[in-house]
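> Mind having a look at this structure? Questions to follow.
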Amino acid sequence: QTTPNDTYFSRQYGLVNNGTFSYSLAKDDADIDMELGWEIEQGDSSVIVAILDSGAKIDHPEFSGRIWNNSKETLNNIDDDNNGYIDDINGWDFVNKDNNPTDDDGHGTNVTGIVGANANNGIGYSGIDWNCKLMIGKIIDANNSGLYSNWTEAIYYAVDNGAKVINMS
C-alpha cells in the first residue's frame, strides 16, 4: 500500500480509517481506501481540476507547483489570449471580476487541499490527486454568497481553458 509521509495524513480518516481516529467517532474501514487507489494511480499533471469555490490561497506551500498556469497569458494588463479575462494567469475571481481568486473564508483553500495538496512532502495533508493542476475559480464571497450567473460563467471558463474535472462543493 502507498502511504504518504505527510504530517497529518493520519487525521484524514475519510481516506484511510482503521477505527482509531481520536478526534471523533471512527468506524473501521468507513473510508474510500485511498491507499489502494494510490497503488494504481497517483494522478497526472496533464489533468486540470477546476476548483470553483471561495477561491484559494494560491501561495500555500501545499499547492507549490500545482496551481494551473494559463500559458497563453502574460501579466501585462492585456487579455493576451482573447478569452475575455485580463491577466488570468491562475484562474479568475468571478465575484470581483478580477484575476485575483484569493480565498476570503478558507473553504476554497480547504477543498483545494482535499483535491490536490502535495503528497509526500512531510508537511500538512495529502490530496487525493498528487499531480493534477489546480485551476482556481472564485465564485462565492466571504459571506458564502454567489450569483448563479457567476457560477455558470465559471463553468464555461473552466471547460474553455482545459479543465477535465470541476469541483463545486
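> Using a cut-off of 15 Å between beta-carbons, work out the net charge of the residues near residue 114 (Lys and Arg +1, Asp and Glu -1, residue 114 not included).
Working: positive: 11, 57, 66; negative: 6, 31, 53, 62, 103, 129.
Result for the neighbourhood of residue 114: -3.
> Would you work out what percent of the accessible area of segment 31-169, with all protein chains in place, is carbon or sulfur (probe 1.4 Å)?
On segment 31-169, the fraction of accessible area on carbon and sulfur atoms equals 51 percent.
> Taking only DSSP H segments of four or more residues, each worth -39500 (n - 2.57), what value at 222 nm results for the chain once the sum is divided by all its residues, to the nearest 500 deg cm²/dmol? Don't skip to the end; give the middle numbers.
Values: 3 runs with 30 residues, N = 169.
Computed mean residue ellipticity for the chain: -5000 deg cm²/dmol.
> Considering only protein heavy atoms, what per residue accessible area in square angstrom results for segment 68-148 with a 1.4 angstrom probe? Show your work: numbers first, answer last.
Values: 3880 Å² over 81 residues.
Ligands and nucleic acids excluded, the result is 48 Å² per residue.
> Hey, another quick one. Please give, to one decimal in nm, the separation of the simple spin-label points placed at residue 83 and residue 97, each 7 Å out from Cα toward the Cβ.
1.9
> Measuring from label point to label point, each 7 Å out along Cα→Cβ, what is the residue 5 to residue 76 span in nm?
It is 4.3 nm.
> Separate question: List residues of segment 74-114, by number, whose backbone nitrogen lies under 18 Å from a label position 7 Å along Cα→C-beta of residue 149.
Only 84-85, 93-98 fall inside the zone, counting backbone N under 18 Å.
> I would also like to ask the following. If I stretch the segment between residue 33 and residue 169 completely, what's the gain in nm (0.36 nm per residue apart, minus their alpha carbon distance), one decimal?
Working: separation 136, 0.36 × 136 = 48.96 nm, distance 2.13 nm.
Stretched out fully, the residue 33 to residue 169 stretch lengthens by 46.8 nm.
> Now for a different question. Only residues of segment 1-41 count here: report those whose backbone N is under 19 Å from the spot 7 Å along Cα→Cβ of residue 123, or say none.
Counting backbone N atoms under 19 Å from the label point, the list is 4-12.
> For residue 159 and residue 142, compute 0.36 nm times the residue count separating them, minus their Cα-Cα distance, and round to one decimal in nm. Kindly include the intermediate steps, with their values, before the conclusion.
Details: separation 17, 0.36 × 17 = 6.12 nm, distance 2.51 nm.
This chain segment gains 3.6 nm when fully extended.
> Right, next: Could you list, in their original order, any pairs among 57/97; 72/133; 57/164 whose Cα atoms are separated by more than 19 Å?
On the way: 57/97 17 Å; 72/133 16 Å; 57/164 22 Å.
Those over the limit are 57/164.
The values are calculated or read from the model by the stated rules, or taken from the named source; none is laboratory data. The structure displayed is predicted, hence computed values, not measured ones. Cβ coordinates were reconstructed from backbone atoms using ideal geometry, including for glycine residues, and neighbour counts include every protein chain displayed. Calculation scope for accessible area: heavy atoms of the full protein, side chains included, ligands and nucleic acids excluded. Shrake-Rupley method; radii C 1.70, N 1.55, O 1.52, S 1.80 Å.
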